[in-house]
Amino acid sequence: MKATQKEVIVTVSNLSLNETEYKSIQEVSYEDFCDWIWISCNYIPFMSMVKKDNCEYADGGYGSMVPIKEAIERGATTVDVIVLETEATYYNSLPSTNVFSLLTSLHGFMMDRIEKQNIAIGKFTANHHDAILNFYYTPTVLTTNSLIFNKSKMTNWWNSGFKYAASTTEKTSEIKPQEE
């Protein structure tokens, strides 16, 4: 990847410094980048805390789930945004039955809010930088439990999403800057 000179960036949440960080393959060693990829999807408290460079890190989604703004500020003029939920999502969650289910519901609620705010900020940033956003959503709700790691189910979800994205056109998914 490094030899291609492509900019590949992952997002991580530095809990020690209370900051969102972006790690580019062009800025760190291959071994470090592999660590950052793993850290970027380290979904605490369901996974172990990671300490690197004397700081505690977690999934980048805690700080920026959909980092459109960062991509545009780094020079992207067209951004493909893959959102792992349907375009119109309506949940009617079951009542919490214990502390764990309450924490899980609260965690999900906060992550949904972060995602929606990131998309709104990204649309605003794109409009002010003449960037084009292409949004791709899943055709159906994949799961209400993001901690499912079933290869067969995940393969079916990927195939379904790929077919759905291939069936959409740029006209149906593209958001261009507004004319003044």
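If I ask for residues that are within 24 Å of residue 47 (Cβ to Cβ) and surrounded by 10 or more Cβ atoms within 10 Å (Cβ to Cβ), which ones from the stretch 147-164 would you list?
Step one: of the stretch 147-164, the residues within 24 Å of residue 47 (Cβ to Cβ) are 147-158, 161.
Scanning the stretch 147-164 gives 148, 150, 153, 154, 155, 156, 157, 158, 161.
Looking only at the stretch 1-29, filter to residues that are in a loop (DSSP other than H, G, I, E, B) and among the acidic types (Asp, Glu); which one of those is farthest from residue 72 (Cα to Cα)? I'd like the intermediate steps shown before the answer.
Of all residues in the stretch 1-29, those in a loop (DSSP other than H, G, I, E, B) come to 1, 5-8, 15-18, 25-29.
Okay, now just the ones that are also among the acidic types (Asp, Glu), so 7, 27.
Working: 7: 13, 27: 18 Å.
If we take residues in the stretch 1-29 being in a loop (DSSP other than H, G, I, E, B) and among the acidic types (Asp, Glu), then 27 is farthest from residue 72 (Cα to Cα).
Here are some conditions: (1) among the hydrophobic types (A, V, I, L, M, F, W, C); (2) outside any loop (DSSP other than H, G, I, E, B); (3) within 23 Å of residue 158 (Cα to Cα); (4) touching a helix residue (DSSP H, G or I) at 6+ places or on another chain (Cβ under 7 Å). Residue 66 meets all but one. Which one does it not meet?
Among (1) among the hydrophobic types (A, V, I, L, M, F, W, C); (2) outside any loop (DSSP other than H, G, I, E, B); (3) within 23 Å of residue 158 (Cα to Cα); (4) touching a helix residue (DSSP H, G or I) at 6+ places or on another chain (Cβ under 7 Å), residue 66 violates only (2).
For the stretch 42-64, state whether one or more residues are within 26 Å of residue 166 (Cα to Cα), among the charged types (D, E, K, R) and surrounded by 12 or more Cβ atoms within 10 Å (Cβ to Cβ).
no
Residues of the stretch 80-133 being over 22 Å from residue 59 (Cβ atoms), assigned to a helix (DSSP H, G or I) and hydrophobic (A, V, I, L, M, F, W, C), which ones?
Listed by number, the residues that qualify are 124, 126.
Against the condition loosely packed, with under 13 Cβ neighbours inside 10 Å and in contact (Cβ under 8 Å) with a residue 40 or more places away in the chain, how does residue 4 come out, does it pass? Explain how you work it out, then say what you get.
Numbers: loosely packed, with under 13 Cβ neighbours inside 10 Å: yes; in contact (Cβ under 8 Å) with a residue 40 or more places away in the chain: no.
Considered against the rule, which asks whether it is loosely packed, with under 13 Cβ neighbours inside 10 Å and in contact (Cβ under 8 Å) with a residue 40 or more places away in the chain, residue 4 comes out as no.
Bear in mind that the values in this text are calculations on the coordinates, not laboratory data. Bear in mind the structure is a predicted one, so any value in this text is a computation, not a measurement. Positions of Cβ are generated from backbone atoms using ideal geometry, with glycine treated the same way; all protein chains shown enter the neighbour counts.
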